[in-house]
1. Identify all residues within segment 72-95 that are within 18 Å of Tyr21 (Cβ to Cβ) and either without any contact (Cβ under 8 Å) to a residue 40 or more places away in the chain or within 11 Å of the ligand (Cβ to nearest atom) (or both); write none if there are none.
2. Identify the residue in segment 45-71 that is buried (at least 19 other Cβ atoms within 10 Å of the Cβ) and out of contact with any His (no Cβ under 8 Å at 6 or more places or on another chain) and, among all such residues, is farthest from Arg18 (Cα to Cα).
3. State whether one or more residues within segment 2-21 are within 11 Å of the chain's Cα centre (by Cα) and away from the ligand (no atom under 14 Å from the Cβ).
4. Pull out all pairs, ordered by first then second residue, where Cβ-Cβ is under 6 Å, the residues are six or more apart or on different chains, the first lies in segment 44-60 and is within 18 Å of Glu27 (Cα to Cα) and within 15 Å of the ligand (Cβ to nearest atom), and the second is at pLDDT 95 or above and not in a strand (DSSP E or B).
Amino acid sequence: MASPHLADPQQAIDEALRAFYLEKAKEKLPKRFLYWQNITGLKPLKVHYRHLQKCWGGCNEDDEITINTEAIKLSNKVLDYINIHELCHIVNKNH
Ligand SMILES: [Zn+2]
């Protein structure tokens, strides 16, 4: 049976890009988050890295923070903003 990639090269490109960004996200996002965690002294219970559809990140009532793996495609400045924003939710849940 032929590989589905041969039938649809665009799908192969999309899948390769998704895998590439996910690998980079796993590599870079925790490092940047930890950097800001240490600077702010704010400690979440847990940090999750997931593909989210509608937001860049979130912090629940238990101080578990989720960062959207798509944030790897943003500039460092914007990524830092997201990290700091979510860390601030440990202190203030409402804004
Ligand atoms: Zn917020």
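1. Leu74, Ser75, Val78, Ile82
2. Val47
3. yes
4. From segment 44-60, the pairs are Trp56/Ala71; Trp56/Ile82; Gly57/Ile82; Gly57/Glu86.
The values are calculated or read from the model by the stated rules, or taken from the named source; none is laboratory data. As the structure is a prediction and not an experimental result, all values here were calculated from the model. In this analysis, Cβ positions are derived from the backbone assuming ideal geometry, glycine residues included, and neighbour counts consider all displayed protein chains.
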